[in-house]
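**Student:** Below are the structure tokens for one structure; questions will follow.
The values are calculated or read from the model by the stated rules, or taken from the named source; none is laboratory data. In this text the structure is predicted, and so the values were computed from the model without any measurement. As a convention, Cβ positions derive from the backbone with ideal geometry for all residues, glycine included, and neighbour counts pool all protein chains shown.
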Amino acid sequence: MKFPSWLFAAALGLVLAGSLSGAAAPRVSLQLVAEGLVSPVSLAPLPDQQLLVVDQIGHVRLIDASGRLAPDSVLDWTGKLSEINKGSFDERGLQCLALHPGFAKNRRIFLTYTGPRRSSAPANYDCVLRLSEFTLPEASPLRIDPASEKVLLEIDKPYFNHNGGRIAFGPDGLLYVSAGDGGGPKGCDIGEGHAPEGNGQNLKTLLAKILRVDVDQRDAQRNTAYAIPRDNPFATTRDALPEIYAYGVRNPWSLTFDRAGDRALYIADVGQMRWEEIDIIQKGGNYGWPLREGFDGFNREHPELAPTSVPTLGLRGEALLNPVAAYKNASGFKNDPEALGICVTGGYVYRGKAMPEFSGNYLFGDWSGAQGTPQGRILIAWRPTAGSTPKPGWKIEPVRVANNHKLFGCVCGFGEDNNGELYLLTNGSAALTPGRGRVYKLGPAPAL
Ligand SMILES: [Ca+2]
């Protein structure tokens, strides 16, 4: 497949095009919903409009219908987690929560977290990424029954970082799971627990993949508490794990479906130091890591250097898929005005009513904005308009916060309620410092 040069040009010109368009910069206002958390990383609405908020340090909390954060946890899972660097940076802990599509009747809840290293894992491995199911009985106060834990899937992790662990049910009723590449001090998909070609390009590991499983059926033959959907791309392939739905991802920090339109699956894949990217995931797709980063190539030995070529094919001769949008990372493009951040935090295609100007476009953020003082950012990826020429890519642009809630801190995640309105999850610092985590609701900015 010939690499389409217009796409690369579009990627390089993303920010420039946005700023030269002459349109007023997009704006939102933030309404504080809850504070006093540590690092909120996931939010899920209950059918009655109450919100479950996942705090990375081990608590599932409840924001009631009046917007009040309940003082007691819905689940205290602190005793079940792997070690966490309290007071400093860490990626371990609770990761994501999702309700079963039939939750209103079956009260099934799914949670991902890092647990202590399994005894079956190599002695120098760090932790295990675990997907578990729980029951949330219909009672007051709401409490997830800790004894109801049913472990579905476990992935041994060589290092503490690049967990992924984002989950969502698709319109097909199947559960999609993201798994990071395993991490390590150098990144680059290199080190203990990394395949020579990189876990991203190795189909015998669940690391660096998007997975898809059927949690409504068991597989007696494989003795798993889930079944492999028959049309998974590697369901019957030798030398490939059947849970794999797509591959070649680095650290997908968000996995969300468009609740309208074509119901596409979006991920945000955290880059090494040059490009942060948004991907629309196709079944069986190879998204390039560690051969590619964004629309560009990738130099595994010297990730700070511009690559000299852009590979187009994977090891089996398959096409490497481009992201839909990418932006420069300030670590690799120092003092570059087009560098919008250092670590993408994915969000949602906006389908709510409060901010119609964003409808159908992907609202997301950057963890910290720049190195040094963390100053997270909200970003928008504008969907290309059909029929326009030259053929455009998605355009990424910063979104200004119009009111007083400045983002002195990090963007940990986004949430979506039953009406399609969005929430911003922030931590006041880059560390797991108690009391600095907040939940905001995104709303329209006042008129200029
Ligand atoms: Ca990629």
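**Student:** Please enumerate the residues belonging to region 316-326 that are touching a strand residue (DSSP E or B) at 6+ places or on another chain (Cβ under 8 Å), within 9 Å of the ligand (Cβ to nearest atom) and outside any strand (DSSP E or B).
**Tutor:** To start, the set of residues in region 316-326 that are touching a strand residue (DSSP E or B) at 6+ places or on another chain (Cβ under 8 Å) comprises 318-321, 323-326.
If we keep only those that are within 9 Å of the ligand (Cβ to nearest atom) too, we end up with 320-321, 323, 326.
Of everything in region 316-326, those that are touching a strand residue (DSSP E or B) at 6+ places or on another chain (Cβ under 8 Å), within 9 Å of the ligand (Cβ to nearest atom) and outside any strand (DSSP E or B) turn out to be Leu321, Pro323.
Residues are listed down the side, and each one gets a yes or a no for (1) buried (at least 24 other Cβ atoms within 10 Å of the Cβ); (2) acidic (Asp, Glu); (3) at pLDDT below 95; (4) touching a Pro at 6+ places or on another chain (Cβ under 9 Å):
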| position | (1), (2), (3), (4) |
| --- | --- |
| Asp269 | yes, yes, no, yes |
| Gln282 | no, no, no, no |
| Asp296 | no, yes, no, yes |
| Leu305 | no, no, yes, no |
| Thr308 | no, no, yes, no |
| Pro311 | no, no, no, no |
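Residue-by-condition table, conditions (1) assigned to a loop (DSSP other than H, G, I, E, B); (2) hydrophobic (A, V, I, L, M, F, W, C); (3) within 15 Å of Leu255 (Cβ to Cβ):
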residue: Val151; (1), (2), (3): no, yes, no
residue: Asp156; (1), (2), (3): no, no, no
residue: His162; (1), (2), (3): yes, no, yes
residue: Ile190; (1), (2), (3): yes, yes, no
residue: Gly193; (1), (2), (3): yes, no, no
residue: Glu197; (1), (2), (3): yes, no, no
residue: Gly200; (1), (2), (3): no, no, no
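**Student:** Turning to a different aspect of this structure: Would you confirm, using the coordinates I've provided, whether Gly191 is within 16 Å of the ligand (Cβ to nearest atom) and either among the aromatic types (Phe, Trp, Tyr) or within 30 Å of Gly369 (Cβ to Cβ) (or both)? Reasoning before the result, please.
**Tutor:** Working: within 16 Å of the ligand (Cβ to nearest atom): no; either among the aromatic types (Phe, Trp, Tyr) or within 30 Å of Gly369 (Cβ to Cβ) (or both): yes.
Judged against the criteria, Gly191 is not a match.
**Student:** Just give me the residues in region 30-67 being among the hydroxyl-bearing types (Ser, Thr, Tyr) and at pLDDT below 95, in sequence order.
**Tutor:** Restricting attention to region 30-67, the residues satisfying the condition of being among the hydroxyl-bearing types (Ser, Thr, Tyr) are 39, 42, 66.
Listed by number, the list holds a single entry, Ser66.
**Student:** Give me the pairs, please: first residue somewhere in region 233-250 and at positive phi, second residue anywhere and modelled with pLDDT of 95 or more and away from the ligand (no atom under 15 Å from the Cβ), beta-carbon distance under 9 Å, and either six or more positions apart or on two chains.
**Tutor:** What qualifies is Asp239/Leu203; Asp239/Lys204.
**Student:** Filter region 327-342 for residues that are outside any strand (DSSP E or B), farther than 13 Å from Glu293 by Cβ and not charged (D, E, K, R) and give the result.
**Tutor:** Here is the first cut: in region 327-342, the ones outside any strand (DSSP E or B) are 330-338, 342.
Keeping just the survivors that are farther than 13 Å from Glu293 by Cβ gives 330, 334-338, 342.
The answer is Ala330, Asn335, Pro337, Ile342.
**Student:** Name every residue in region 109-143 that is surrounded by 14 or more Cβ atoms within 10 Å (Cβ to Cβ) and hydrophobic (A, V, I, L, M, F, W, C), in order of residue number.
**Tutor:** The answer is Ile109, Phe110, Leu111, Ala121, Cys127, Val128, Leu129, Leu131, Phe134, Leu136, Leu142.
**Student:** Farther than 25 Å from Ile378 by Cα, out of contact with any Leu (no Cβ under 9 Å at 6 or more places or on another chain) and within 16 Å of the ligand (Cβ to nearest atom): does that describe Ala208?
**Tutor:** On the way: farther than 25 Å from Ile378 by Cα: yes; out of contact with any Leu (no Cβ under 9 Å at 6 or more places or on another chain): yes; within 16 Å of the ligand (Cβ to nearest atom): yes.
Here the answer is yes, as Ala208 does meet what is asked.
**Student:** On to the next question. Strands (runs of 3 or more DSSP E) wholly in region 230-315 with at least 2 residues that are within 10 Å of the ligand (Cβ to nearest atom) and under 22 Å from Gly170 (Cα atoms) - which ones?
**Tutor:** Details: elements: 244-247, 252-257, 265-269, 275-280.
Strands (runs of 3 or more DSSP E) meeting the threshold: 265-269, 275-280.
**Student:** Quick check: is even one residue across region 147-168 buried (at least 19 other Cβ atoms within 10 Å of the Cβ), at pLDDT 95 or above, touching a Lys or Arg at 6+ places or on another chain (Cβ under 6 Å) and on the phi > 0 side of the Ramachandran plot?
**Tutor:** Checked against the condition, which is being buried (at least 19 other Cβ atoms within 10 Å of the Cβ), at pLDDT 95 or above, touching a Lys or Arg at 6+ places or on another chain (Cβ under 6 Å) and on the phi > 0 side of the Ramachandran plot, region 147-168 yields no hits at all.
**Student:** Something else: Of the conditions (1) surrounded by fewer than 17 Cβ atoms within 10 Å (Cβ to Cβ); (2) closer than 27 Å to Ile57 by Cα; (3) modelled with pLDDT of 95 or more, Thr373 fails just one. Which one is it?
**Tutor:** For Thr373, the failing item is (3).
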